[in-house]
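The values are calculated or read from the model by the stated rules, or taken from the named source; none is laboratory data. The shown structure was predicted, so the numbers you read here are calculated from the model rather than taken from an experiment. Virtual Cβ from ideal backbone geometry, glycine too; neighbours counted across all protein chains shown.
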Amino acid sequence: MNEQKNKLSFEASYTLDVIGLLDLLFSGEIDEDTEFVRYLEEQLSENCEGLLNKVRNTLPKGESIGSTLIPLIATDSEFNDLRLSELLQSPKYLVTQLKKQTIKKNLSKAYQKFLNKDVEKVFEQLGLVIAELERCKFKNFWLENRLPLINEQIKRYDKECQPLNVIETLNQSLTPQHIERRNVYVVSFELLDLKSIQLFNEDVVVSIKRSTKQVLECLTEQLLQPISIHRQLRARVRALKHDQMLLNALKHVKEEYKDLGSYLEANVKLAYQMYLNTQLHLCDQPYQYLGRYQFGTYKLSTLFYHYMQTHPKISSQSISDYLVEVVEQVEVDQFDQRYLTIMSHIL
């Protein structure tokens, strides 16, 4: 077998780590790296704070520098071998690469607007900040002090993942979809308010502060992220649109889901992610976890997960078709009572 296939690979990335650092500079965020970040702020010119504030005010609402730019930078297949200053000089090329790697409808309107109107200005501003970091010899510091931390954590990830046969185990549940190599890029600074950052090519970026279990959970979440069954659920949604208990549950997450179809999709994808996680022995109490997830607003996923335990996906069935089957077959009226019935048999 080609040793490049069926492999979960962990790699350090200076380029992505620097972008993560930009989120921390002059942000007021406090964590274990705060002392170093404040020291670095003192070495940079006052102009850098103003530039970073301008960048933050230009980003799509609710997004950080990392969540906005890391996926864009990583569309260049050689990003890990190029200087960040070089990448920041090629915004049009990166946007072109992004459009080749994803479907336009998968990008939010705010992100599309950013790509069309603001990305060149932001790259120019960040280029000036990166030049300041290079003047301060930040890369030398990173090589001497941060890279050893990353490499140590990568050794731990490799050791703990090896007996799990991650790719092979996942493929048993994903067939006929099939994954081979997956890259996990490991950075030393915390990703602001994020467990991970998912790249458009389905690789993942994580901080060394994440445990092996958390990293693998990010990976299984990424595998399901591109899947959409919203359209296939239209008939099911019409049948359920007057279910008051479901509509009340939807009200609690109305900021995240615009309609019942989106909420059903989120619940069944969460259930299948848990199914994958249990194959990797990542969760000892899946029913309890799903019942408590996000303060109990996804209890419906417990019903879907329970169905998956007794009606597993057949190997010739696509994941999308299977998720639609689950939503259509599971009785969800009075789902709170059904949830309690399931839990009474589990506990």
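Helices (runs of 4 or more DSSP H) wholly in the range 76-171 with at least 3 residues that are touching a helix residue (DSSP H, G or I) at 6+ places or on another chain (Cβ under 8 Å) - which ones?
84-87, 91-101, 119-135, 147-161
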Residue, farthest from His345 (Cα to Cα), within the range 256-289, restricted to residues that are surrounded by fewer than 17 Cβ atoms within 10 Å (Cβ to Cβ) and among the charged types (D, E, K, R): Lys258
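Give me the residue from the range 297-347 that is among the basic types (Lys, Arg) and in a loop (DSSP other than H, G, I, E, B) and, out of that set, nearest to Leu224 (Cα to Cα). If you could, list the steps in order and put the result at the bottom.
Here is the first cut: in the range 297-347, the residues among the basic types (Lys, Arg) are 299, 313, 338.
When the remaining residues are screened for being in a loop (DSSP other than H, G, I, E, B), the result is 299, 313.
Working: Lys299: 19, Lys313: 15 Å.
Within the range 297-347, the match that is nearest to Leu224 (Cα to Cα) is Lys313.
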So Arg182, is it among the basic types (Lys, Arg) and exposed (fewer than 13 other Cβ atoms within 10 Å of the Cβ): no
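Looking only at the range 66-80, decide whether some residue is in the same structural domain as Ser13 (by TED's automatic domain parsing) and farther than 15 Å from Leu199 by Cα.
Of the residues in the range 66-80, the ones in the same structural domain as Ser13 (by TED's automatic domain parsing) are 66-80.
Pick out the ones that are also farther than 15 Å from Leu199 by Cα and you get none.
No, because not a single residue in the range 66-80 is in the same structural domain as Ser13 (by TED's automatic domain parsing) and farther than 15 Å from Leu199 by Cα.
Can you say whether Leu191 is part of a loop (DSSP other than H, G, I, E, B) and not hydroxyl-bearing (Ser, Thr, Tyr), as far as the supplied structure shows?
Numbers: part of a loop (DSSP other than H, G, I, E, B): yes; not hydroxyl-bearing (Ser, Thr, Tyr): yes.
Considered against the rule, which asks whether it is part of a loop (DSSP other than H, G, I, E, B) and not hydroxyl-bearing (Ser, Thr, Tyr), Leu191 comes out as yes.
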Close pairs from the range 271-289: first touching a residue at least 60 places away in the same chain (Cβ under 8 Å), partner surrounded by fewer than 20 Cβ atoms within 10 Å (Cβ to Cβ) and small (Gly, Ala, Ser), Cβ under 8 Å, at least 6 apart: none
The range 145-165, residues that are at pLDDT below 95 and surrounded by 14 or more Cβ atoms within 10 Å (Cβ to Cβ): Leu164, Asn165
Residue check, Leu246 part of a helix (DSSP H, G or I) and within 16 Å of the chain's Cα centre (by Cα): no
Residue, nearest to the chain's Cα centre (by Cα), within the range 209-219, restricted to residues that are buried (at least 21 other Cβ atoms within 10 Å of the Cβ) and hydrophobic (A, V, I, L, M, F, W, C): Leu219
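For the range 326-333, does any single residue satisfy the condition of being loosely packed, with under 15 Cβ neighbours inside 10 Å, in the same structural domain as Glu255 (by TED's automatic domain parsing), within 23 Å of Glu256 (Cα to Cα) and of a type outside the set (A, V, I, L, M)?
Of the range 326-333, the ones loosely packed, with under 15 Cβ neighbours inside 10 Å are 328-329, 331, 333.
Narrowing further to those that are in the same structural domain as Glu255 (by TED's automatic domain parsing): 328-329, 331, 333.
Next cut, within 23 Å of Glu256 (Cα to Cα) only: 328, 333.
Keeping just the survivors that are of a type outside the set (A, V, I, L, M) gives 328, 333.
Yes, that holds for at least one residue.
Hey, among Lys139, Lys155, Lys92, which residue is free of Cβ contacts under 8 Å to residues at least 24 places away in the same chain and either within 20 Å of the chain's Cα centre (by Cα) or at negative phi (or both)? Before you say what the answer is, go through the steps one by one.
Numbers: Lys139 fails: free of Cβ contacts under 8 Å to residues at least 24 places away in the same chain; Lys92 fails: free of Cβ contacts under 8 Å to residues at least 24 places away in the same chain.
Sole residue among the options that is free of Cβ contacts under 8 Å to residues at least 24 places away in the same chain and either within 20 Å of the chain's Cα centre (by Cα) or at negative phi (or both): Lys155.
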